[in-house]
Amino acid sequence: MQLFSISKISSSFLKFLTKEDKGVVAVIFAIILLPILALSGAMVDYSAVSSARSEMQVAVDVAALAAVRANLEDDDELQEIAEQVFSDNIVRSAFADGTVLSVTRIENGVRVDVSTSISTNFLSLLGVSSIDVAVYSEVVDSLLSIEVVMVLDNTFSMNGEKMDGLKDAADLLVTELFSGADNDNIRVGLVPFTQVVNIGTSNRDELGIDIPDDFSIPQADYCRWTYPNSTRSCERERVSYDCVVDGVETTCQRWRYFNCTGDRGERVWACTTRSDYRFRWYGSMGSRDYPLNVTDESYDTDPVPGLLTRWNLYWATRPLTRLTSDEDIIRTAISRMRTSQNNHSYTYIPVGLIWGWRLLSSAEPFTDAAPYDDANKKVMVILTDGANTRSTGIGGYQWMLNQGAVSSNVDAWHYGNDVDDANDKTEELCENIKSEDIIVYTIAFDVDDSDIEEILQNCAGNGGSYYDASNSAELEEAFEDISDSLRKLRVSK
């Protein structure tokens, strides 16, 4: 009688099962794989359709706006306008064929319907070769008046590619705002800011600002040791060194003298007469005393002070552009923005905010804006790439006081170093601006300071959003999203 080993039987049986299980698993996997692939493919196709629908909605909104603006009596001409504008705003080749657009007159406006079929890739394997898409837009001619002011950081830290990206994104927003719009209903302003805002010398006589007359003061004779018989000469070269400007580690330059030869000769004390110090106003504005520097009121009794200087210290800060319905004016102003590497191109966000608010206000010092009411939407877009690096006060620039460049109100200037105070004023201004129902969008552009990021997040409101853009591509996406949001304000349905 043969005895069988239990262990051998078990081992053989397990091998059999394992061999058989592999086959079963393969069959089951093959059965499951097809619906998984179909589901994944369907997700890809539906994502493409969703993207196409979004693009169609933007294009049909613009087409409807253009049709209302055209104000044509002939239906065929109205249809032609809508089709042309829709086509100009569509980039997908899928819309080239089989797209139907119709224009219907409604009370005081038009309705534009667009329908098409989007070809599928993966769903076609399941017998679904295309998906129908339809969108519409209704616009009436009693469009809202929209005023948009861009408050944009032009400090040194924005130098180079950042400024190029900002110009492109801001220009895109302006193009989209005026696309298909009645220019009388769209007005845009621009406030470039550093540690000051330049309002432009042409605005010197506006109410609500206080610009003293240019003046001169005598200078004392300039006396020093001289070497009239010196034969000394040196070679020199520009050398680079690490420095920090506007909170940014960068490279600065200075002269280095070397290989000096010759003799200085006898030292002689000599004095020369110097011309008078001449102080002029180049357009730069200071701050009023707190709390007036965070409010938009009382300009008749407490006007905003202008800053007179011996030199144009803030030469790089371009003048603001008041609200205008001229697209070319605002685009030109954007293209002229620039930065500079000097001690007068630091960041003080409150001065940008307050002047952005003043452009949107119908009160002094500028009265271009429409009143605050339901017929007028007001929008502020704020962008900075870093934290406040200046505050009110004279800081380490006491020499400006000594030369008579600064009035007794030193807090009118922005050379202080109290960042906490600057942040507090930024937060308070944001709340005061939003209290006027101004829609506020904020953008942190490549910001690595958590405090200012939180301030900007809290500043956005009244339907506006906060964006964290780490590069120019993300910045453009932020401005495109803002453009889409503002377009919807002008569309009734």
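Read-outs: derived from the displayed coordinates by stated rules, not from any lab. Since the structure is predicted, the reported quantities are computational estimates derived from the model, not experimental observations. Because the Cβ atoms are built from the backbone with ideal geometry, glycine has one as well, and the counts that use them run over all protein chains shown.
For THR231 and THR332, the difference between the fully extended length at 0.36 nm per residue and the C-alpha to C-alpha distance is 31.1 nm.
Length gained on full extension, GLU80 to SER129, computed as 0.36 nm times the residue gap minus the Cα-Cα distance: 14.6 nm.
Overall, the stretch 222-272 carries a charge dipole of about 300 debye about its Cα centre when +1 sits on the Cβ of Lys and Arg and -1 on the Cβ of Asp and Glu, all other atoms neutral. Mean separation of Cα pairs under 8 Å and 6 or more residues apart, divided by the residue count, gives the stretch 107-209 a relative contact order of 27 percent. Taking R0 as 60 Å, what FRET efficiency do you get between ASP448 and CYS260 from their Cβ-Cβ distance, rounded to the nearest 0.05? Once the sixth-power term is evaluated, E becomes 0.85. Between ASP213 and ALA370, the FRET efficiency from the beta-carbon distance, with R0 = 35 Å, is close to 0.55.
Legend: distances between Cα atoms for LYS162/LYS425; LYS162/LYS488; LYS378/LYS434; LYS167/LYS377; pairs beyond 21 Å are LYS162/LYS425; LYS162/LYS488; LYS167/LYS377.
Summing Lys and Arg as +1 and Asp and Glu as -1 over all other residues whose Cβ lies under 13 Å from the Cβ of GLN253 gives a net charge of +2. Rounded to the nearest angstrom and listed largest first, the equivalent-ellipsoid semi-axes of the stretch 226-322 from its Cα gyration tensor are 45, 23, 11. Once the Cβ-Cβ distance of TYR241 and ASN121 is raised to the sixth power relative to R0 = 60 Å, the FRET efficiency obtained is 0.55. Note: relative contact order over the stretch 222-272, using C-alpha pairs below 8 Å and six or more positions apart, is 54 percent. Each Lys or Arg adds one and each Asp or Glu subtracts one; over the other residues with Cβ under 11 Å from the Cβ of SER361, this totals -4.
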